[in-house]
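Asks: Have a look at the structure that comes next, please.
Where a number appears in this text, it was derived from the coordinates with a stated rule and is not lab data. Everything numeric in this text was worked out from a predicted model, so none of it was measured. Methodologically, a virtual Cβ is constructed for each residue, glycine included, from the backbone with ideal geometry; neighbour enumeration extends over all protein chains shown.
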Amino acid sequence: MRMLAVDTSERTCSVAVVDSDHVLVELCAGLTSGSHARHLMPMVRTVLDMAELVVSDLDGFAVTCGPGSFTGVRIGMSCVKGMAEATGKPAVGVSSLEILARQCAVPGFLICPMMDARRSEVYWTLYVGDGLVPLEEQHADAPAAALALVDRPCLFVGSGALAYRDLIMSHLGSMAIFAPAEQHAIRAAAAARCGLQRLAAGNNVVPMAPVYLRPSDAERNRRLQPGSD
């Protein structure tokens with residue numbers, strides 16, 4: 001079963017084509033802010049060309065739906081929805097935080113995927129490594145809110161873990177473990193494998209909706225305008 005997956009939820013952009021358990025092609029690029037719209041479709045065409053496939057050869061699509069960049073999430077979802085509608089193939093939305101956790105799940109450890117949300121906040125949740133059992137809802141908070149719940153060895157992964165590494169270490173000391181450098185960026189191949197599992201389980205129609213854990217900057221600014229509700 002062949003699936004194409006896309007991640008545009010942070011400043012990195014990743015596109016992959018997988019066939020069951022095999023990654024056929026994956027491209028990952030660090031982009032400047034606002035350039036996902038310019039680079040995403042050329043990357044999609046490149047991975048399909050390298051895999052010697054056309055979009056109609058695919059059996060489904062997956063996309064990270066957030067949390068993350070408001071603009072990036074919308075761009076990735078629009079791209080995948082367009083391909084799914086054009087081909088009549090299913091599309092699956094997956095959590096950005098879940099994919100980060102999947103990339104480094106270790107039995108016996110807590111896993112705290114943490115994405116830099118700016119304004120001194122992170123997007124975060126907690127999983128148990130065995131089977132990725134969620135222990136928390138997804139949050140947008142100061143990093144200390146997550147650290148207060150950690151009472152045993154915990155593996156931290158993601159851009160937020162990198163941004164607040166010193167703070168995490170000062171709170172948790174030896175209980176804080178950090179994923180290898182290459183695992184802190186969301187990988188489309190991991191999103192594709194998650195999507196394949198859900199389709200194989202019979203989730204052929206998965207509603208895709210963006211996950212926004214806090215108002216966008218535009219909404220915040222509008223609320224601060226005099227006379228706004």
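Asks: How long are the semi-axes of the equivalent ellipsoid of the chain, taking √(5λ) for every eigenvalue λ of the Cα gyration tensor, in whole Å from largest down?
Replies: Three semi-axes, in Å: 29, 22, 15.
Asks: Efficiency by 1/(1 + (r/R0)^6): what FRET value for Asp59 and Ala209, r their Cβ-Cβ distance, R0 = 25 Å, to the nearest 0.05?
Replies: Working from the Cβ atoms, E equals 0.65.
Asks: Show log10 I(q)/I(0) for the range 104-183 at q = 0.17, 0.25 Å⁻¹, two decimals, from a solvent-free Debye sum over equal Cα scatterers.
Replies: Calculated log10 I(q)/I(0) at the listed q: -0.56, -1.29.
Asks: Still on this structure, I have one more. For a quick check: with amide H placed at 1.01 Å from N, whose amide H comes under 5 Å from Val25's, ignoring anything fewer than 5 positions away on the same chain?
Replies: Val17
Asks: May I ask you to compute the full-extension gain from Thr32 to Thr46, defined as 0.36 nm times their residue separation minus their alpha-carbon distance, rounded to one decimal in nm? Intermediate results must be reported in sequence, preceding the final value.
Replies: Values: separation 14, 0.36 × 14 = 5.04 nm, distance 1.97 nm.
Computed gain between Thr32 and Thr46 is 3.1 nm.
Asks: How much net charge surrounds Val23 when only other residues with a Cβ under 10 Å from its Cβ are counted (Lys, Arg +1; Asp, Glu -1)? Can you show the working numbers first?
Replies: On the way: positive: Arg187, Arg193; negative: Asp19, Asp21, Glu26.
It works out to a net charge of -1.
Asks: Of Ser56, Ala176, Ala117, which is farthest along the charge dipole of the chain in the positive direction, counting Lys and Arg as +1 and Asp and Glu as -1 at C-beta?
Replies: My answer, from the dipole projection, is Ala117.
Asks: Note down the magnitude of the dipole of the range 104-183 about its Cα centre, charges +1 on Lys and Arg C-beta and -1 on Asp and Glu C-beta and zero elsewhere, to the nearest 20 debye.
Replies: Working: 4 positive and 9 negative charges, 30 e Å.
It works out to roughly 140 debye.
Asks: Also, quick follow-up: So in the chain, what percent of DSSP beta bridges are antiparallel if you round to the nearest 5? Intermediate values should be presented prior to the final figure.
Replies: Numbers: 25 of 40 bridges.
Of the beta bridges lying entirely in the chain, close to 60 percent run antiparallel.
Asks: Another question, if that's okay. Which value, in debye to the nearest 20, gives the size of the charge dipole of the chain about its Cα centre, when Lys and Arg are +1 and Asp and Glu are -1 at the Cβ?
Replies: It comes to approximately 460 debye.
Asks: Also, I was wondering about something else. Compute the longest continuous run of the chain that contains no exposed GluC sites (Glu not before Pro); treat a site as exposed when its DSSP state is not H, G, I, E or B and it has at most 11 other Cβ atoms within 10 Å.
Replies: Longest site-free region, per DSSP loop and neighbour criteria: 138-229.
Asks: Once amide H atoms are built 1.01 Å from N in the peptide plane, which residues 5 or more positions from Val94, or in another chain, come under 5 Å H to H?
Replies: Val63, Thr64, Cys65
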